[in-house]
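Read-outs: derived from the displayed coordinates by stated rules, not from any lab. Since this is a predicted model, take the numbers as computed values, not measurements. Note that we place each Cβ from the backbone using ideal geometry, even for glycine, and neighbour counts take in every protein chain shown.
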Amino acid sequence: MAAAGVAGCGLSYAVVSIMGPQSSGKSTLLNQLFGTNFREMDAFRGRSQTTKGIWIARCVGVEPCTVVLDLEGTDGRERGEDDTAFEKQSALFALAISDIVLINMWCHDIGREQAANKPLLKTVFQVMMRLFCPRKTTLLFVIRDKTRTPLEHLEPVLREDIQKIWNSVAKPEAHKDTPISEFFNVQVTALPSFEEKEEQFREQVQQLRQRFANSIAPGGLAGDRRGVVPASGFLFSSQQIWKVIRENKDLDLPAHKVMVATVRCDEIANEKFSCLTSDAEWMDLESAVQSGPVPGFGKKLGYIVDVHMQEYDKEAIYFDEAVRTEKRQLLKSRVLNLVQPAFQKMLVHLRTRALEKYKTDLNLTLESGKGFAASVRDTTKSSLNEFDQGCADSVIKQADWDYSKILEKVRRDIEDHTLSIREGKLSELTNHAKEKLRKVLTEPVESLFDAAGHTTWASIRNLFKRETEAILPEFRKNLAGFEMESASSEGMVSNLRDYARSIVENKAKEEAGKVLMHMKERFTTVFSHDKDSIPRVWTGKEDVRAIAKDARSAALKLLSVMAAIRWDEKPDRIENILTSTLLDGSVTSKGASASSSDPLASTTWEDVSPKYTLITPSQCKSLWKQFKTETEFTITQAVSTQQAHRRGNGRLPPPWAMVAIAVLGFNEIMVLLRNPIYLFLLFVGYLLVKALAVQLDINREFQNGVVPGIISVTAKLVPTLQNILNKVATEQQQGHHQEAATEAPHPQQQPQPPQQQLPPLLLSPRSPMSELRRLHMPFSPVPLSPVRKAAPPSPSSSPSSTVSSPRNVGEDQKPRAIVEPENESNNAYSIV
């Protein structure tokens, strides 16, 4: 096939075969008709079998490509009467693969019962209908050695014999009334004797050859053929057909019918299964279901399966019913096993989609304000109904697949998600309520502890009761939407109430840890401010001892409030014990203290549970001792401030000294009054001395002692005086320049830069010697920054400002920052 170039012809080829009695001139006819070189019989050597088996060749000069099969003759003495299997096999093979079959017969055999291959044709027709799909084949009967009888008389007799053979063949139910023309195109032609009329024989053969040109075209000899195998598959198809025919040696035995049906039904089933696996619709559907749910999956899959099963039924209808049914069930099982993974994948997608729908619908329902339990019921029912509908649409009618297990999995998925959402919602609801309790309790409780007093815990209890009664009913109402059991609901409410109590208790413990700081702040507030919250001015008239006792009493009251948690209204003796032991005990004598027992030598309070104890009695005693130590300095400073104030008010001379000065200095006073120039000079001298005092910071220099002060002032006196005079001269020169510029302005002339001047060098009491030396160096145009000096304490400042709080005690003992009194120095300069 490859060497002859047939394999590449596609569908444009024809197959012609010839059959007939032995030594009837079949090979000669083919050689003359198609230009082949089949072996011919040599008449001079006798009449014997020439062609053995089946020979195949390609025609020469005939289009389309034509393949010719030369079959072994029938009714030969070499095989005998009993060995007719090969004759039947070769005839069946020729009818199975050929488009045109030449039946070579003698003219004198027309009308005979056992001649003209009638038994062979009957057997071939019967097996052809049972074993293969019937195809449209042209049967061209070639009458050899035509006599004087016209062809018009010979053809009807021949057609009548062929029709009788066709009617006697057992056919399937669907083809009982089918005429022979449905499967065979019968034509008849005649040729003269090759030996007697060779030239006439050759002429008529050439005319017959013209009928094979374009034989597969419409109207040609094989124009209505069906079931053509492509040329590339012709070899394989022929091999398989011959293999099947060879395996059925005795076609007449009934057992072979079952065997052929079994083999052929298996082949058909395998072929249809292979067609299904390579079916484009099935491959597209399988690919689509891998990525997501496919609408109408069951209908599409059922249609694909049904098409291939119907094709099997159509091709296997000619075979034994029992075998056909058995093989059909096996094919169905294989097909269902092939497509079931796609169905399972579809169920997985439906399961995922049902769960996603449940999640989405549940969120939307909850956002609309509907109760949680009611939302879960409605969305669960909707999602399960949709899943059940999707599964029903995915099932095919050819299978009885059960999807109850996957339905149970969907139910568990929904239940698990519901439980997760329920826990999350309850947690969110609880956290929201806790956050509200924390906001409404933390800051108010802290504020109440800051202002601790007799009613602190009563106020805390009232606050706790008010806020919990406002929040807990709302929380219980929200829990009603979950349709929980009463015990679970009340348990959550109780836990939330306990959380509110823990907020107060934790805040109390936190503030108790800072009780010493709160006591010092309370002491400072009471000690440094009067009843109107105005800072005290220690003038010497205040009773420091009484004020200190009141301040310590207020701090002790705060300590008693912070000592224990009081959830009930039962009174306790904590404040009385602390007052009698710490405050009053500090006033009593040592003998009295020693003779009485110490009620603070304990770790618990009377009538107070240990779990509600924040500060034990022994800790209170230790804290009070530390508190007194740290506030002692504040009291001492207040006393010192009073004494300093008394000394400051006693500096004026006594009245008799003032009268003596006025009498003895009367003449000098009159001289100054009569001569104003002396008064002016005295005033100028005062200003100069004042300016020097400000620049030299006399008060600060003498803080370290008289002798160091005199030495420092003497060293800085001359430079400071020179600095003041330079300042006065510079300001005077600037004034003259400004007056000249005002009287004679020159707009077109560029203004001259001002004369560089030396700003005054102000020396602080701590200026190094390098600055003193720099005064005697040549003039430098670089401006020098004035040195800031310490601001003297204001006489109007309150002595109590230094005792404002314990936190300022350390700051009062530090040296004050050096700050320049700019306004004062500038005033001094301007006056000079």
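Please identify the trypsin sites (Lys or Arg not before Pro) of segment 139-209 that satisfy two criteria: DSSP loop assignment and at most 14 other Cβ atoms within 10 Å. Which are they? Intermediate values should be presented prior to the final figure.
Working: sites: Arg144, Lys146, Arg148, Arg159, Lys164, Lys176, Lys197, Arg202, Arg209; in loops: Lys146, Arg148, Lys176, Lys197.
When the trypsin sites (Lys or Arg not before Pro) of segment 139-209 are filtered for loop state and at most 14 Cβ neighbours within 10 Å, Arg148, Lys176 remain.
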Exercise. Which far-off residues, 5 or more places away or on another chain, put their amide H under 5 Å from the one on Phe184, with H placed in the peptide plane?
Worked result: Thr137
For this session: Output the Cα-based Rg and Dmax of segment 658-723 in Å, rounding Rg to one decimal and Dmax to a whole number.
Result: 16.4, 43
Exercise. Lysines within cross-link reach of Lys88: Cα-Cα under 16 Å, excluding same-chain residues under 8 positions apart?
Worked result: Lys52, Lys118, Lys122, Lys243, Lys249, Lys257
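Between beta-carbons, use under 12 Å as the cut-off and find the net charge around Thr455, counting Lys and Arg +1, Asp and Glu -1.
Taking every other residue near Thr455 into account, the sum is +2.
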Problem set entry | Eligible aspartates and glutamates near Lys197 by straight Cα distance, threshold 17 Å, same-chain separation 8 or greater | Asp145
Seminar exercise, completed: Of the residues Gln310, Val395, Ala269, the Cα lying farthest along the dipole of segment 252-401 towards its positive end, which is defined by charges on the beta carbon of Lys, Arg, Asp and Glu, belongs to Val395
For this session: Could you pull out every one of the lysines with an alpha carbon less than 22 Å from that of Lys690, ignoring same-chain neighbours closer than 8 positions?
Result: Lys716, Lys727, Lys789
For this session: Bin width 5 Å, alpha-carbon pairs only: give the P(r) of segment 326-392 as whole percents, running from 0 to the bin holding the largest distance.
Result: 4, 17, 18, 14, 11, 10, 8, 6, 5, 4, 3, 1, 0
Exercise. For segment 252-401, which semi-axes, largest first and in whole Å, follow from the square roots of 5 times the eigenvalues of its Cα gyration tensor?
Worked result: 46, 14, 9
For this session: Mind computing the radius of gyration and Dmax over the alpha-carbon atoms of segment 456-537? Å is fine for both.
Result: 20.5, 69
Exercise. So which of Lys434/Lys477; Lys477/Lys507; Lys439/Lys625; Lys164/Lys272; Lys436/Lys520 end up more than 25 Å apart, counting from Cα to Cα?
Worked result: Lys477/Lys507; Lys439/Lys625; Lys164/Lys272; Lys436/Lys520
Seminar exercise, completed: On each of the three principal axes the extent of the alpha-carbon atoms of segment 516-581, given in whole Å and largest first, is 46, 20, 20
Problem set entry | J(HN,Hα) series, segment 190-202, from Karplus relation 6.51 cos²θ - 1.76 cosθ + 1.60, nearest Hz, glycine and proline x | 9, 10, x, 6, 6, 7, 8, 10, 5, 5, 5, 4, 5
For this session: Could you work out the relative contact order of segment 252-401, using alpha carbon pairs under 8 angstrom and six or more residues apart, expressed as a whole percent?
Result: 32
For this session: For segment 396-406, just list the computed ³J(HN,Hα) in residue order, Karplus coefficients 6.51, -1.76 and 1.60, θ = phi - 60°, integers in Hz, with x standing in for Gly and Pro.
Result: 9, 6, 6, 10, 10, 5, 9, 10, 5, 5, 5
